[in-house]
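Worksheet: one structure, shown below.
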Amino acid sequence: MPEKPSYEELVKVLEIQEKKLKIIADYSHSWEYWVGPDSKLLYVSPSCKNHTGYSRKEFMENEDLLFEIIHPEDKETFVRHLTDEGNNPSAESMVFRIIDNFGHVRWISHFCQPIYTERRVFQGRRASNIDITEQKQAEKDRDELTINLRSTSSLLNTVLDAIPDVIGVQDMDHKIIRYNQSGYQFLGMNPPEVHGKRCYELIGNKVPCHICATTEVYATRKPAQEEKYVEEIDKWLDVRAYPVFDEEGNLYRIIEHLRDISKEKDAEIKLKEAHERLITILNSIDAHIYVADLENYEILFMNRKMIDDFKSDSTGQKCFEAFRNEPEPCKHCTNVKLLDENRLPSGEHIWQRKNPITNRWYLNCDRAIKWVDGRNVRIQIAMDISAEKTHEEERIKMEIQLLQAQKLEALGTLAGGIAHNFNNILMGIQGRTSLMMMDKDPSDLEYDHLKGINEYIKNAVELTRDLLGFARGGKYEVKPTDLNELIKHENEMFGRTKKEIRIHGKYEKELWAVELDRGQIQQVLLNLYVNAWQAMPGGGNLYVQTTNATFDEAYTRSYKIAPGRYVRISVTDTGIGMDAETKEKIFDPFFSTKDTGQGSGLGLASVYGIIKNHGGFINVYSEKGSGTTFNIYLPASEKDIFKDRPAPAHSDILYGNGTILLVDDEGMITEVGQKMLEKLHYRVITARNGHEALCLYEKHKEEIDLVILDMIMPDMGGAETFDRLKEINGRVRVLLSSGYSINGQAKEILDRGCNGYIQKPFEMETLSRRVHEVMTQGK
């Protein structure tokens with residue numbers, strides 16, 4: 001048999017086992033301790049620090065610390081438990097609270113068991129403690145949450161049942177889980193009749209509705225809304241469906257919200273019908289109608305006519321921006337006039353103005369009204385009065401032009417008479433001067449005086465031409481002309497004399513030809529250039545431009561000219577400009593802005609007359625301080641531009657022979673003309689009118705070689721006399737003589753076979769050459 005271990009060996013083994021047990025206890029996560037039979041602490045594990053905040057040393061040095069940290073409410077139970085050995089002490093567990101070293105309350109799960117020797121001698125208690133503070137808090141929170149959930153559920157059920165709309169919950173197969181009280185009332189069913197049935201089955205259908213918000217939620221997993229008419233129950237419903245997801249994000253319920261909107265829909269339909277009728281009426285009105293806020297100018301409504309005319313629906317924009325392109329409220333805005341001192345609508349305001357966007361005139365009627373939301377707004381009805389305005393403007397323009405034409409016609413009549421008589425006087429002076437010069441040697445002192453008289457006569461002829469600019473048929477030699485070439489020449493000539501004026505020319509490359517009297521158009525340009533020079537006393541810029549233009553009848557009607565192609569000459573200066581009053585009178589005869597003695601006032605009036613006689617028109621644009629632009633429009637010609645050939649030099653008087661019938665109603669003309677022709681070696685017969693001329697020609701037709709025929713005569717004029725002469729002798733030679741132009745009747749006579757034309761007054765040299773040309777025709 002093995003020998004029993006000695007006492008020393010047993011002690012040593014026990015010590016080793018005790019060390020092992022201590023090591024295990026020291027490294028335990030739970031708070032371990034051992035109290036002896038006398039309830040004094042024999043051992044405590046280091047984890048006590050984590051549970052209580054006190055160290056093992058503090059527990060071992062303070063025997064009462066274990067009892068001191070027990071929560072006052074649990075201390076009696078704990079002490080009784082720890083000190084009560086009982087008859088048969090056994091393992092026991094309990095839960096109590098401690099107050100740790102930081103003043104925090106902690107819940108401890110306590111398990112202890114008695115320790116006995118082999119002989120059942122009580123050695124104390126071994127305790128194992130675990131901190132369950134978090135667990136206890138979770139239990140508390142769960143209990144509170146359960147209470148809250150029950151309370152909330154009850155509240156939600158109460159709220160749902162109080163809602164007048166239908167609220168229901170469905171599963172994924174349209175089966176009803178529950179409705180609120182309004183739902184059961186709407187269906188007229190009890191919960192047992194509804195639960196578990198599909199929603200569409202409740203209205204007698206076997207398949208889901210064609211339009212179904214719930215079906216849409218199944219497909220999209222997003223809220224859906226539909227307005228639909230349910231024929232089975234004859235109601236309009238606003239149906240909304242919302243998805244419900246579980247914790248894993250799976251769709252597992254649908255909340256359905258139904259509202260009976262039958263009354264609203266019926267009212268909406270009626271309102272829509274009324275609105276459509278009103279809009280139809282407003283859109284059928286041939287006038288602009290719009291509504292705008294009186295405070296912020298926001299456009300609230302525009303009718304179709306206005307949208308079409310302004311090319312867009314400007315609702316929501318500012319009226320002054322959309323309708324007039326203004327950056328701020330219009331100066332003529334009537335808003336302040338439409339409300340009284342109490343900010344209440346007061347009457348209407350009627351006004352008219354031209355719109356800068358449509359370029360049309362409107363008669364506007366403004367009135368303040370209360371809008372549907374209670375705010376003050378302006379309603380405007382604007383009727384297009386452009387046609388009336390155009391007629392009014394044309395009437396005024398025509399009245400002005402008629403007055404201008406009457407003035408010019410009166411002056412033209414006066415000018416024609418003066419020119420005719422003055423030409424006759426000049427003819428007498430010219431003729432007698434020519435006769436005297438033929439009898440004088442060029443070295444004679446009197447010859448120079450006579451030559452000077454001739455120069456004065458030429459100046460007087462220029463004055464006659466000014467007067468003839470007003471008279472009918474005031475054009476002389478009309479030829480298809482290149483205006484660019486003519487204007488360039490005039491610019492160069494004027495620029496040499498007025499070097500303080502800078503002339504800028506801009507010319508159309510393919511400028512159309514114009515049939516004109518070159519001398520008169522030169523006079524027009526000179527008058528405009530002088531006018532510009534006088535408007536720029538300190539010097540400046542003169543811009544001359546030519547362009548082609550085509551006008552329709554609507555444009556030319558007011559000017560009483562034919563539509564078609566025109567050539568425009570624009571003359572612009574940078575001078576002082578004109579005010580409106582001056583501009584209205586600028587073409588009036590004898591009107592002048594110059595001081596007395598500085599001008600006749602015929603310059604621009606003659607310009608007007610010359611352009612009018614050429615079948616064109618002229619207008620002027622000017623503002624005070626902003627310069628002036630004259631625009632001249634002359635009808636374009638289809639003819640090729642006439643190229644002047646240099647006239648042959650004639651310095652000698654051409655003599656001839658033969659008999660000439662001189663016809664003129666002025667005695668001084670026949671007298672001096674007879675002497676001039678006789679000086680040229682011709683035999684002369686004179687007649688004072690057409691009838692006398694016909695009698696003389698009938699009597700002496702065999703011996704008369706040429707008839708010099710005046711165009712303007714009383715009773716029987718030159719045209720009729722020419723025709724009667726042609727009846728007597730179809731080969732009669734006729735040289736027309738007049739102070740007027742070769743156009744009009746004179747041109748017609750020339751086209752019908754007249755042999756030539758001579759302008760009065762004429763010099764001996766001109767007379768001799770023209771007579772010689774006609775007398776030698778056909779020879």
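The values are calculated or read from the model by the stated rules, or taken from the named source; none is laboratory data. Source: prediction; values computed, not measured. Note that each Cβ is placed from the backbone with ideal geometry, even for glycine, and that neighbours are counted across all protein chains shown. With ligands, DNA and RNA removed, areas are computed over all heavy atoms of the protein, side chains included. Shrake-Rupley method; radii C 1.70, N 1.55, O 1.52, S 1.80 Å.
When G519, G564 are checked against the criterion of being on the phi > 0 side of the Ramachandran plot and open to solvent by 10 Å² or more (accessible area, probe 1.4 Å), G564 stands alone in meeting it.
Please verify whether the stretch 251-258 includes one or more residues that are assigned to a strand (DSSP E or B), open to solvent by less than 60 Å² (accessible area, probe 1.4 Å) and more than 15 Å from D173 (Cα to Cα). So far as the stretch 251-258 goes, yes, one or more of its residues are assigned to a strand (DSSP E or B), open to solvent by less than 60 Å² (accessible area, probe 1.4 Å) and more than 15 Å from D173 (Cα to Cα). K331 - would you say it is open to solvent by 50 Å² or more (accessible area, probe 1.4 Å) and within 19 Å of D384 (Cβ to Cβ)? For K331, the condition - open to solvent by 50 Å² or more (accessible area, probe 1.4 Å) and within 19 Å of D384 (Cβ to Cβ) - is not met. Exactly one residue out of Y555, Y529 is part of a helix (DSSP H, G or I), within 40 Å of the chain's Cα centre (by Cα) and surrounded by 19 or more Cβ atoms within 10 Å (Cβ to Cβ), and it is Y529. Set side by side, the residues D286, D266 differ, and just one is assigned to a loop (DSSP other than H, G, I, E, B) and at pLDDT below 90, which is D286.
Listed by first and then second residue, the pairs with beta-carbon distance under 8 Å, at least 6 apart or on different chains, first residue in the stretch 652-664 and modelled with pLDDT of 90 or more and buried (at least 24 other Cβ atoms within 10 Å of the Cβ), second assigned to a loop (DSSP other than H, G, I, E, B) and aliphatic (A, V, I, L, M), are V663/M713; D664/M713. Comparison of V524, V567, V514, V571 shows that the only residue that is within 16 Å of E490 (Cα to Cα) and at pLDDT 90 or above is V571.
Taking every residue in the stretch 55-76 that is assigned to a loop (DSSP other than H, G, I, E, B) and pairing it with any residue that is open to solvent by 90 Å² or more (accessible area, probe 1.4 Å), at least 6 positions away or on another chain, the pairs with Cβ-Cβ distances below 7 Å are S55/K49; E63/K40. Could you check how many residues of the stretch 540-552 are over 23 Å from T390 (Cβ atoms) and either loosely packed, with under 14 Cβ neighbours inside 10 Å or of a type outside the set (S, T, N, Q) (or both)? Count: 4.
Could you tell me which residue of the stretch 486-506 is farthest from L525 (Cα to Cα), considering only residues that are exposed (fewer than 11 other Cβ atoms within 10 Å of the Cβ) and among the basic types (K, R)? Taking the candidates together, the pick is K499. In the condition set (1) in contact with a Ser or Thr (Cβ under 8 Å, 6 or more places away or on another chain); (2) at pLDDT below 80; (3) of a type in the set (A, V, I, L, M); (4) surrounded by fewer than 18 Cβ atoms within 10 Å (Cβ to Cβ), A419 is compliant with all but (4). Within the stretch 204-227, if we keep just the residues that are β-branched (V, I, T) and modelled with pLDDT of 85 or more, the residue that is surrounded by the most Cβ atoms within 10 Å (Cβ to Cβ) turns out to be T214. Checked against (1) surrounded by 14 or more Cβ atoms within 10 Å (Cβ to Cβ); (2) at pLDDT 90 or above; (3) assigned to a loop (DSSP other than H, G, I, E, B); (4) not acidic (D, E), N743 passes all but condition (2).
Screening the stretch 370-380 for residues that are assigned to a strand (DSSP E or B) and within 14 Å of I299 (Cα to Cα) and picking the one that is most open to solvent (accessible area, probe 1.4 Å) gives I379. Within the stretch 680-708, the residues that satisfy the criterion of being β-branched (V, I, T) and either within 14 Å of I728 (Cβ to Cβ) or in contact with a Ser or Thr (Cβ under 6 Å, 6 or more places away or on another chain) (or both) are T686, I704, V707, I708.
Among residues of the stretch 296-307 that are of a type in the set (S, T, Y), those with a beta-carbon under 8 Å from a residue that is part of a strand (DSSP E or B) at least six positions away or on a different chain give the pairs Y297/K318.
Pairs meeting the criteria (first residue in the stretch 536-558 and within 23 Å of K509 (Cβ to Cβ), second residue modelled with pLDDT under 85 and charged (D, E, K, R), beta carbons under 9 Å, at least 6 apart or on different chains) are L542/K498.
Exactly one residue among E720, E702, E698, E773 is over 60 Å from the mean Cα position of the chain (by Cα), open to solvent by 70 Å² or more (accessible area, probe 1.4 Å) and without any contact (Cβ under 8 Å) to a residue 12 or more places away in the chain, and that residue is E702.
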